[in-house]
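Since every read-out is calculated from the coordinates, none of them should be taken as a lab result. Just so it is clear, the structure is predicted and the values come from calculations on it, not from any experiment. All Cβ positions, glycine included, derive from the backbone under ideal geometry; neighbour counts span all protein chains shown.
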Amino acid sequence: MSVALRGLAGKNVLITGAAKGQGFNHAKAFAEAGCDVALLDITHPLDDDMYAVATPEMMSAAVAAIEDRGQKGIPLPCDLRSENQIEDAIGKALAEFGGRIDVIVNNAGIAAMDTIHGMRSNVLHNIIDTNLKGAMFVTKYAVENMIGRRSGKIVNISSAVTGAAPAMLSHYAASKYGINGLTKAWAMELSEFGINVNAVCPATVKPGEGQGSGMVLGLAPDLEMGADDAFDHFSAANNMDGEMWRAEMQHITDAVLFLASDNAEMITGAILPVDCGHMAR
């Protein structure tokens, strides 16, 4: 007997960081499962010290990819560093979805490499405001409809660095440890309303140009390496030994859809490593 993911068709899904990278991959997979998707992402540069994020063209292409799969795609250009922009974007999503968001995927995340004694203040604020506070504000404005209906799924994207954080990523690691804390706290707080809250901790994900995964692409220049070499560097340093232990976007997407499905209805407060053994080392 085959096992299929249950309960996804017809759901309304909100994904942050959805115009490129892992978020874009998640969005396409939810659409293929029969979900309508609101795609929230920044579409302008963060600042000169941060690597490239999504563009208006990527947002348009992401919406088209959802529509090509026969589902509604809602573009929500939004800077997660701004609570006002988040409130406005969530309001638009709720209006388009008839007041119902079934799944929140707090996926958006950025990273940079800094020593603690040389940490750039603007980079610290960008990372904490995007990765941690952004998830908090998105959930603040999106979860009330779930509470009212006593139903919903929240999937937060953390990181394998919460198991063994490498040097020069302390601001990123702090933001992801915060995500783990939010996951457990929200699971307790929202359990009485039938809302599941879980997190996925990805390993370093294989980079890709365009709308592929961009974090390693962005960090590679700091290592004075090409993207493929940087991917191998991070993976070899942190994952289990052996060539098979290399993560790609679909590995993360599979876990996200599982946690959003009815197959995971008795799972909440979990921190799920999809980390090539990183956290077991």
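Taking chymotrypsin sites (Phe, Trp or Tyr not before Pro) across the range 207-250, the ones in a DSSP loop with at most 16 further Cβ atoms lying within 10 angstrom of their Cβ are Trp245. Residue separation of Glu87 and Met279 scaled by 0.36 nm, minus their Cα-Cα distance, works out to 65.6 nm of gained length.
Think of each Lys and Arg Cβ as +1 and each Asp and Glu Cβ as -1; about the Cα centre, that makes the dipole of the chain roughly 900 debye. Considering every alpha-carbon pair of the range 87-239, the percent of pairs per 10 Å bin, from zero through the bin containing the longest distance, is 11, 35, 32, 17, 5, 0.
The modelled label-to-label distance for the pair Arg120/Ala95, using points 7 Å beyond Cα in the direction of Cβ, is 3.6 nm. Distance between the 7 Å Cα→Cβ label points at Ala167 and Arg149: 4.9 nm.
By DSSP, the beta bridges lying fully in the chain are antiparallel in about 0 percent of cases. Subtracting the Cα-Cα distance of Gln250 and Asp47 from 0.36 nm times their residue separation leaves 70.2 nm of extension gain. Taking 20 Å as the cut-off, the amide N atoms of the range 75-103 that come nearer than this to a point 7 Å along the Cα-to-beta-carbon line of Arg6 belong to 102-103.
Eigenvalues of the Cα gyration tensor times 5, then square-rooted: what semi-axes does that give for the chain, in whole angstrom, largest first?
Ellipsoid semi-axes (Å, largest first): 27, 21, 19.
Checking every one of the GluC sites (Glu not before Pro) in the range 145-240 against DSSP loop status and a limit of 15 other Cβ atoms within 10 Å picks out Glu209, Glu224. Which net charge results when you count Lys and Arg as +1 and Asp and Glu as -1 among the other residues whose beta-carbon is under 15 Å from that of Val205? Net charge around Val205: -2. When you filter the trypsin sites (Lys or Arg not before Pro) in the range 129-179 for DSSP loop state and at most 14 other Cβ atoms inside 10 Å of their Cβ, you are left with Arg150. With R₀ set to 41 Å, the beta-carbon distance separating Lys184 from Glu32 gives a calculated FRET efficiency near 0.85.
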